[in-house]
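Student: For reference, the structure I am asking about is given below.
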Amino acid sequence: TFRGRPLFSRAAQTQQASTRAHRCPSPHPVRGECVESCRETLSMLPRCLPRTRNAALSMNRLQPARLLRLTSSALVDGSSQSNVPLHFRGTPHPHPLGVEKPLWVNPTINHVWSEDEIKDRLATQPRHTPTQLSEKIINYGIKGLYWAFNKATGYVAADPTPSSIITRLLFLESIAGVPGMVAAQHRHFASLRNMSRDYGWIHTLLEEAENERMHLLTFICAFNVTPFQRAVVFGMQFGWAGFFIPLYILSPRSAHRTVGYIEEMAVYTYSNIIQLMETPGTKLHSEWSSKPAPDIAKVYWRMDDNAMFVDVIKQIAVDESNHRDVNHTFAEMAWHDVNPYVHKHIQDAGKAYDYWKSKTTAVEGRDLDYLMNEKPEPKPEPKPQS
């Protein structure tokens, strides 16, 4: 069974048990499991997983390790509510420490925007006016790429199609997740190399990278991603990282200014999407106005069960406005200035801690050893008698 539901029929379970009972001529070199038994297991995969089953059975020379990975990834919740692939998969294998494994959750420390904060931050869209030559080159370059991408994807701002918006969102979030990680890594190595403090920048940059990655995973869980869209994301990530890494090494201020301009574009894009989703008669209103929020978004932004997809877009839009302000601020600061956003992380950490304490099924491990058994009391040696 998996999550309380039988995965195979009783006859299939009997056949599987008899298959495991035979002496395997080719056990797995590390785990010692029977490869033939795994092939039998794959042949009995339920009909709700046809692509996994057919792909596995068509591989006559499938390597044991890859075969086991494929089996594990196939044994997930077989719910027919959505055809969208899962990205945080369960596993039927027992926990190595013998403890019960709850449903996966991500205890992230991120800011959850209230309704008042959303209205306040989306009421205005400040744009930075480039003054230096480098800023003008970067700003006009981004606007040129924006125009070219609109032409290539068939994007019409007045009433875009959902498919063009999906491509746009995947592209935008895949490149937006690069700068924070690159900058944090660069400052981390500089701190180690120079044996100096970082003054709080690394945490904010890593939070930005994690936040953008969760945006991307939310869209992947909400839509069926086409091979073309995956190819665009794959190619642009290499191209964008190849440009941004040397830019940050040469001029961190210019790099942060670049991200600030990109986030301005992101805020405009998401604000336009929200307006279209809430305007009857548009393509986005017809397709997405009644679309529920994916589960991963409900967990990440701590939403109610009845949250809608437009609520997710609002949270993402305000996230991007925060990244815009952070990067434009960092572009004005010196390398050794103190990060002014540290206090915000402290407040968010306290709220997240209270929330996740009430949601997770963690057990107190103070009186347990590493194997989750009762920890023995220390026994001091008796003092020698004089």
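Student: Is it true that some residue in the range 146-153 is touching a residue at least 60 places away in the same chain (Cβ under 8 Å) and more than 19 Å from E287 (Cβ to Cβ)? Walk me through how you get there before you give the answer.
Tutor: We begin by selecting, within the range 146-153, every residue touching a residue at least 60 places away in the same chain (Cβ under 8 Å); these are 146.
Still in the running and more than 19 Å from E287 (Cβ to Cβ): 146.
For the range 146-153, residues touching a residue at least 60 places away in the same chain (Cβ under 8 Å) and more than 19 Å from E287 (Cβ to Cβ): present.
Student: Which residues, counting only those in the range 208-236, are open to solvent by 40 Å² or more (accessible area, probe 1.4 Å), hydrophobic (A, V, I, L, M, F, W, C) and within 24 Å of S321 (Cα to Cα)?
Tutor: M236 - this is the single residue of the range 208-236 that is open to solvent by 40 Å² or more (accessible area, probe 1.4 Å), hydrophobic (A, V, I, L, M, F, W, C) and within 24 Å of S321 (Cα to Cα).
Student: Considering the range 134-155 alone, what residues qualify as being within 27 Å of the chain's Cα centre (by Cα) and of a type in the set (S, T, N, Q)?
Tutor: N150, T153 - these are the residues of the range 134-155 that are within 27 Å of the chain's Cα centre (by Cα) and of a type in the set (S, T, N, Q).
Student: Another question, if that's okay. Could you list, in sequence order, all residues of the range 156-179 that are crowded, with 18+ Cβ neighbours inside 10 Å and touching a Lys or Arg at 6+ places or on another chain (Cβ under 6 Å)?
Tutor: G177
Student: Mind checking whether some residue in the range 178-192 is under 17 Å from V232 (Cβ atoms) and modelled with pLDDT of 90 or more? Talk me through it step by step, then tell me what you get.
Tutor: Narrowing the range 178-192 to residues under 17 Å from V232 (Cβ atoms): 178.
Keeping just the survivors that are modelled with pLDDT of 90 or more gives 178.
Yes, there is a match, as at least one residue in the range 178-192 is under 17 Å from V232 (Cβ atoms) and modelled with pLDDT of 90 or more.
Student: Taking W288, is it in contact (Cβ under 8 Å) with a residue 12 or more places away in the chain and surrounded by fewer than 17 Cβ atoms within 10 Å (Cβ to Cβ)? Give the steps one after another, and end with the answer.
Tutor: Values: in contact (Cβ under 8 Å) with a residue 12 or more places away in the chain: yes; surrounded by fewer than 17 Cβ atoms within 10 Å (Cβ to Cβ): no.
The answer is no for W288.
The values are calculated or read from the model by the stated rules, or taken from the named source; none is laboratory data. Please read all numbers here as calculations on a predicted model, not as lab measurements. No Cβ is skipped: glycine too gets one built from the backbone with ideal geometry, and neighbour counts run over all protein chains shown. When the accessible area is computed, the model is the full protein with side chains, heavy atoms only, and any ligands, DNA or RNA have been set aside. Shrake-Rupley method; radii C 1.70, N 1.55, O 1.52, S 1.80 Å.
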